[in-house]
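> Mind looking over this structure? Questions follow.
The values are calculated or read from the model by the stated rules, or taken from the named source; none is laboratory data. What you see is a predicted model, and the numbers here were worked out from it, not measured in a lab. Cβ placement follows ideal geometry from the backbone for every residue including glycine, while neighbour counts extend to all protein chains displayed.
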Amino acid sequence: MWTGRSLLTMDGVDSGAARSLLDAAHRESWRGDELAGKVVANLFFEDSTRTRVSFSMAAQTLGAKVVDLTSKGSSVAKGETLLDTAWTIEAMGVDAIVVRSGDSGVAELIDEHTQCAVLNAGDGTHQHPTQALTDALTIGRSLGLSDGWDFGGLRVAIVGDVVSSRVARSNVGLLTGLGAEVVLVGPPGMAPSSLESMGCRVTSDFDSVLGECDAVMMLRIQFERGGGATLASTREYHARFGMNEGRLERMKDRAIVMHPGPMNRGVEISASVADGERSVVLEQVRGGVLVRQAAMAHAIGH
C-alpha cells in the first residue's frame, strides 16, 4: 500500500497498514498543526471537483500550505512533460505531490523520479487508493465494523461500468484485503468475466445478488472513456442495472447504497434512492476529507 512515503495503489494491500490508516481517519483526533510548515502541491491534469477540494481541505485543516496546479494554463499545456513539471514543483520545496491524471501509471512514474511523497488521486483506469479507503471507512462506520475493520463475511456489490473504473479496481484490492467478498455487476462489455482474475465474482444478473449484499456501490458510466458505447439506451441500462426503489426494497434491512460520484441521476441511481435514508453518499464525501488527512499525516507529518 505504501511505497516509502507514497500512497500509490491498493494492489497487494497491506491490511495492517490499511486498518491503521482507517483508525486514524475514524478517530478524527487532529490538533490542526500536524502539517504546519509543510507544502502540498495538487497536480491535477484531469478534471475533478470533490477529490481536489477534499485533498486541499485535508491539508489546510492540518496546517499545510496548498498550491494548486492544473494542466490548463500550466507549462504542461505548452508542451512541458509531466516529469519536468514534477521536478520543477519539487525543486520549489514541496513536501508532497498529489497527482491526478487521465493516464494510468503517472503517479508511479512521478514517485520513481522524485524524492517527495506522492499521493495518487486517480490515474487513468488504474487506481484511486484514497477513494477505496474512503469507501472502506464509510462501510465500516455504517455497518458497525470500525472496531478492528474486519470485513470477514461481508459481501459488497460494485455495479456498473467496472472495466473503466479505477475506483472499482482499488476497492477490490482493499475490500478483499480486509476480508470482504466482492462481486462485480454489469453488462458483459462493462463487467467482463476476465475481471474475475482480480479475485472476485462477476455477473450480469444484478437482481440475483442484490439480496445477499451488505453494501451496493453504484458506478457512473464513464462516457468520456467510451463506457456505454454498446448500450441500446440509458433507460434500458437503468432498468437492468440501476438502483431504484424496487431494488432498494429487496436489499437486506441494514444494507447501504454507495456512489463515489459524480452521479448520473436516473441512469445508475434514481434520485429518490440517492437522497434516501439508505444512501451514504454524503458520508463518503465527508469521509474523503478524513482519509486524506490521515494519508497526508502519515506521509509527511513527521
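> Does ARG250 satisfy the condition of being of a type in the set (D, E, K, R) and buried (at least 20 other Cβ atoms within 10 Å of the Cβ)?
When the stated conditions are applied, ARG250 does not pass them.
> So how many residues does the stretch 9-63 have that are farther than 24 Å from GLU108 by Cα and free of Cβ contacts under 8 Å to residues at least 40 places away in the same chain?
Qualifying residue count for the region: 9.
> Another question, then. Out of the stretch 123-142, which residues are more than 12 Å from the chain's Cα centre (by Cα) and modelled with pLDDT of 95 or more? Even if it seems obvious, please write down each step before you answer.
Step one: list which residues in the stretch 123-142 are more than 12 Å from the chain's Cα centre (by Cα), which gives 124, 139-142.
Those that are more than 12 Å from the chain's Cα centre (by Cα) and modelled with pLDDT of 95 or more: ILE139, GLY140, ARG141, SER142.
> Touching a residue at least 12 places away in the same chain (Cβ under 8 Å) and in the same structural domain as GLY179 (by TED's automatic domain parsing): does that describe SER142? I'd like the intermediate steps shown before the answer.
Working: touching a residue at least 12 places away in the same chain (Cβ under 8 Å): yes; in the same structural domain as GLY179 (by TED's automatic domain parsing): yes.
It is true that SER142 is touching a residue at least 12 places away in the same chain (Cβ under 8 Å) and in the same structural domain as GLY179 (by TED's automatic domain parsing).
> Keeping to the stretch 215-237, report how many residues are modelled with pLDDT of 95 or more and either out of contact with any helix residue (DSSP H, G or I) (no Cβ under 8 Å at 6 or more places or on another chain) or outside any loop (DSSP other than H, G, I, E, B) (or both). So that I can check it myself, show each step before the final result.
Looking only at the stretch 215-237, we keep the residues that are modelled with pLDDT of 95 or more, and these are 215-219.
Those left that are additionally either out of contact with any helix residue (DSSP H, G or I) (no Cβ under 8 Å at 6 or more places or on another chain) or outside any loop (DSSP other than H, G, I, E, B) (or both): 215-218.
Within the stretch 215-237, residues that are modelled with pLDDT of 95 or more and either out of contact with any helix residue (DSSP H, G or I) (no Cβ under 8 Å at 6 or more places or on another chain) or outside any loop (DSSP other than H, G, I, E, B) (or both) number 4.
> Of all residues in the stretch 131-148, count the ones that are more than 16 Å from ASN120 (Cβ to Cβ) and touching a Gly at 6+ places or on another chain (Cβ under 8 Å).
4
> How many residues are among the hydroxyl-bearing types (Ser, Thr, Tyr), touching a helix residue (DSSP H, G or I) at 6+ places or on another chain (Cβ under 9 Å) and outside any helix (DSSP H, G or I) if we restrict to the stretch 49-65?
Here the count works out to 0.
> Run VAL99 past the list (1) of a type outside the set (Asp, Glu); (2) free of Cβ contacts under 8 Å to residues at least 60 places away in the same chain; (3) part of a helix (DSSP H, G or I) and report the number of the one that doesn't hold.
(3)
> Another question about this same structure. Failed condition for ASP147, given (1) of a type in the set (Asp, Glu); (2) within 19 Å of the chain's Cα centre (by Cα); (3) outside any helix (DSSP H, G or I), with all others met?
With respect to (1) of a type in the set (Asp, Glu); (2) within 19 Å of the chain's Cα centre (by Cα); (3) outside any helix (DSSP H, G or I), ASP147 is out only on (2).
> Checking the condition out of contact with any Pro (no Cβ under 6 Å at 6 or more places or on another chain) and over 26 Å from HIS302 (Cβ atoms), which residue from LEU145, LEU119, LEU137, LEU62 passes? I'd like the intermediate steps shown before the answer.
Details: LEU119 fails: over 26 Å from HIS302 (Cβ atoms); LEU137 fails: over 26 Å from HIS302 (Cβ atoms); LEU62 fails: over 26 Å from HIS302 (Cβ atoms).
The match here is LEU145.
> When you look at GLY179, is it in contact with a Phe, Trp or Tyr (Cβ under 6 Å, 6 or more places away or on another chain) and either of a type in the set (S, T, N, Q) or in contact (Cβ under 8 Å) with a residue 12 or more places away in the chain (or both), yes or no? It would help to see each step written out before you state the result.
Details: in contact with a Phe, Trp or Tyr (Cβ under 6 Å, 6 or more places away or on another chain): yes; either of a type in the set (S, T, N, Q) or in contact (Cβ under 8 Å) with a residue 12 or more places away in the chain (or both): yes.
Yes, satisfied.
> Report yes if some residue within the stretch 41-59 is modelled with pLDDT of 95 or more, acidic (Asp, Glu) and surrounded by fewer than 21 Cβ atoms within 10 Å (Cβ to Cβ); otherwise report no.
No, every residue in the stretch 41-59 fails to be modelled with pLDDT of 95 or more, acidic (Asp, Glu) and surrounded by fewer than 21 Cβ atoms within 10 Å (Cβ to Cβ).
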